[in-house]
């Protein structure tokens, strides 16, 4: 296997030497496109149903977005634990630690993927009703969600592979695989909806087929690899110490994602108190959120990986610089993307609906959010940096207070007083500001104290 091994090596990156500005950018750009392609899976669903099925179908698919984000976020949180621990052992040149981590993680991720699928399918209808989903939307919304959740095990396996490869500095090949799967997804969306007239079930089936393709490709890569992070079926099992360390990082990270989603459930419930045009406009405009967040997420993943590897190598100065550089990059990207979406707000919203009233409703959301996205970089980058140091419990508690409790209080006070859609959307930027201040303070304190995942 010499040729294959050398090819694998060419995709990996040493994060402990060389220019951090250049390497972080080189690491993050493929991740940006990988993350954006995952968004394309969902956006293409919404665009196709909005254009070719109708506004009711658009609202139905949009009504599930928070729950889709919740399930995805849990798996992303767990994968962050896998990535951080794998990167730590790679930085410390501990091959056995890498091997044990990867094989334990495969079992853990598979379990959670299956559990989310089963629980989500059983309780989909009940949860949608608790969210005050409109009667005319709930049938199609429940159908879409139940079919979509069949792809959760594949999503778990892809995030496992993506986390492991990212820890080794390989962010390009997951991009290649997602590009292929994304093309398949868009093509199948059009065939199932336009040719086969399958409606919301068609776009859901297209999505899960694409997810299994991307998962299959990344698992094939890990199974062929001769590196310490390669998968061997006969080595699958659970190392209790590695599982504990993965879950120590992954569970609080997953809870963080879940808390954001739960808080947004209350936001969606408040949106649902308006008429169906506002609900549909919000669904269309909300597609900008994952577009921006997922591209910014690339720098947060870089922050965690670079900090964890340099922690393993004992290079404190590169830890601090990695945080600052990732913050600068993510803030700048959030600002540019937010302004871009505002400038092109009409053509963007027209991707999802032909109804002018729905477009006008969506613009009200974009107007508030456009210059708010960049503020979230301060919070999320600090959380990612703490994760790289192996600290996730306190960041989770800070998120609970700042981005969950605060948002609920805002809904019950400010929004309850003004009862305007703009007063609802403003809760995002204010919650990000107060949470960011606390998260940055905590990271600086942990860094200076020298306590970390290594201990």
Query - For the chain, calculated [θ]222 nm from helices alone, where every DSSP H run of n ≥ 4 adds -39500 (n - 2.57) - result: -26500 deg cm²/dmol
Query raised in the report: Can you give me the Cα centroid spacing of the stretch 223-238 and the stretch 104-124 in angstrom?
Result: 21 Å
Query raised in the report: Of (i) 58, 47, 38; (ii) 63, 47, 36; (iii) 64, 56, 50, which is the value of Cα extents along the principal axes in Å derived from the coordinates here?
Result: (i)
Requested in this report: For residue 273 paired with residue 93, estimate the spin-label separation in nm (one decimal), with each label point 7 Å from Cα along the Cα-to-Cβ line.
Outcome: 6.1 nm
Query raised in the report: Which distance in nm do the two modelled labels at residue 354 and residue 114 give, with both placed 7 Å along the Cα-to-Cβ direction?
Result: 4.6 nm
**Report entry** Protection proxy ranking, peptides 378-388, 84-94, 216-226, average beta carbon neighbours within 10 Å, highest first
**Finding:** 378-388, 84-94, 216-226
Query raised in the report: Does the stretch 40-118 classify as rounded, prolate or oblate by the C-alpha gyration tensor (a ≥ b ≥ c root eigenvalues; a/c under 1.5 gives rounded; else a/b over b/c gives prolate, otherwise oblate)?
Result: prolate
Requested in this report: Counting only C-alpha contacts under 8 Å and six or more residues apart, can you give the relative contact order of the stretch 19-449 as a whole percent?
Outcome: 24 percent
Query raised in the report: Put a dot 7 Å past each Cα toward the Cβ at residue 135 and residue 29; how far apart are the dots in nm?
Result: 5.5 nm
**Report entry** residue 339-residue 235 FRET efficiency (beta carbon distance; Förster radius 35 Å; 0.05 resolution)
**Finding:** 0.10
Report task. For the stretch 286-348 and the stretch 36-99, compute the distance between their C-alpha centroids and round to whole Å. Result -> 16 Å
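May I ask you to compute the full-extension gain from residue 405 to residue 196, defined as 0.36 nm times their residue separation minus their alpha-carbon distance, rounded to one decimal in nm?
70.7 nm
We did not get these values from a lab; they are worked out from the coordinates using the rules stated. Bear in mind that the values here come from a model prediction, so they are computed numbers and not experimental data. FYI the Cβ positions are ideal-geometry reconstructions off the backbone, even for glycines, and counts take in every protein chain you see.
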